[in-house]
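The values are calculated or read from the model by the stated rules, or taken from the named source; none is laboratory data. Because the structure is predicted, anything quoted here is derived from the model rather than measured. Heads up, the Cβs are rebuilt from the backbone with ideal geometry, glycines too, and the neighbour counts pull from every protein chain shown. Only protein heavy atoms, including side chains, enter the accessible area calculation; ligands, DNA and RNA are left aside. Shrake-Rupley method; radii C 1.70, N 1.55, O 1.52, S 1.80 Å.
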Amino acid sequence: MDLLDAFDTAWLEFDRRVHRVREDQWGELTPCTAWTVRDLVNHLVGEHLWAPWLLRGATLAEVGDRFDGDVLGDDPIAAWERAAAESHAAFHRPGALDGHVDTSGGESPTTDYGWQMTTDLTVHAWDLARGIGDDDTLGDELAAAVYERVEPEAAGWQGSGLFAAPVPVPEGARAQDRLVALLGREP
């Protein structure tokens, strides 16, 4: 699965679940420690507000703190729709994946950034599904592609606060279970 196919699939998985959040579910907890459904969606909206800027070559300093805090306002679903549409278009702009972006980890190839965003969408689609009691099934091809990208990096993330410690899974577990367990979630 190539990057844009994976990104699009993950984007749709998250989008589908955002549109299933009922009004009374925004305060529900998710598998992300101390994050409610609203906190989780706010995180993704913030990330997707950043993407068009970074993919156009803006630095972290140029973007500044404009996307800090609550970016959902009174209509979280509409906030997601706007941010997601702009991010999606930015990733699909011709040449968008050919350069580098400024990230908190330093300058990174845009393809690495694209996989980071894809991972975020994928894992948080699962988290959101769990938080709202929805079907948490991710496509096997997407889960396998993200796992393949994340697995070599995961040990280096331990202690960073990005993810909890990996959870053991049985030998032969499906890709989705291996992925979420690797990132500290109980499948």
Picked from segment 24-71 (must be of a type in the set (A, V, I, L, M, F, W, C), open to solvent by 60 Å² or more (accessible area, probe 1.4 Å) and assigned to a loop (DSSP other than H, G, I, E, B)), the residue modelled with the highest pLDDT is Trp35
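Among residues belonging to segment 140-187 that are small (Gly, Ala, Ser) and open to solvent by less than 30 Å² (accessible area, probe 1.4 Å), point out the one that is modelled with the lowest pLDDT. Outline the logic, then answer.
Initial filter on segment 140-187 (small (Gly, Ala, Ser)): 143-145, 154-156, 159-161, 164-165, 172-173, 175, 181, 184.
Then keep just the ones that are open to solvent by less than 30 Å² (accessible area, probe 1.4 Å); that gives 143, 145, 154, 173, 175, 181, 184.
Working: Ala143: 96, Ala145: 97, Ala154: 74, Ala173: 93, Ala175: 95, Ala181: 92, Gly184: 86.
If we take residues in segment 140-187 being small (Gly, Ala, Ser) and open to solvent by less than 30 Å² (accessible area, probe 1.4 Å), then Ala154 is modelled with the lowest pLDDT.
Sort out which residues of segment 72-81 are under 18 Å from Asp8 (Cβ atoms) and open to solvent by 40 Å² or more (accessible area, probe 1.4 Å), and write them in order of number. Give the steps one after another, and end with the answer.
Looking only at segment 72-81, we keep the residues that are under 18 Å from Asp8 (Cβ atoms), and these are 80-81.
If the condition is that a residue be under 18 Å from Asp8 (Cβ atoms) and open to solvent by 40 Å² or more (accessible area, probe 1.4 Å), then Glu81 is the only one that fits.
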Test: Arg82 is of a type in the set (Lys, Arg) and either under 25 Å from Met1 (Cα atoms) or not in a loop (DSSP other than H, G, I, E, B) (or both): yes
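Only residues that are open to solvent by 60 Å² or more (accessible area, probe 1.4 Å) and of a type outside the set (Ser, Thr, Tyr): list them for segment 90-120, please.
Pass one, segment 90-120, residues open to solvent by 60 Å² or more (accessible area, probe 1.4 Å): 92-94, 98, 100, 104-105, 107, 112, 116.
Those that are open to solvent by 60 Å² or more (accessible area, probe 1.4 Å) and of a type outside the set (Ser, Thr, Tyr): His92, Arg93, Pro94, Asp98, His100, Gly105, Glu107, Asp112, Gln116.
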If we ask which residues in segment 121-138 are within 15 Å of the chain's Cα centre (by Cα) and surrounded by fewer than 18 Cβ atoms within 10 Å (Cβ to Cβ), their number turns out to be 0
Being under 24 Å from Leu182 (Cα atoms) and at pLDDT 95 or above is the requirement here; does Leu3 meet it? yes
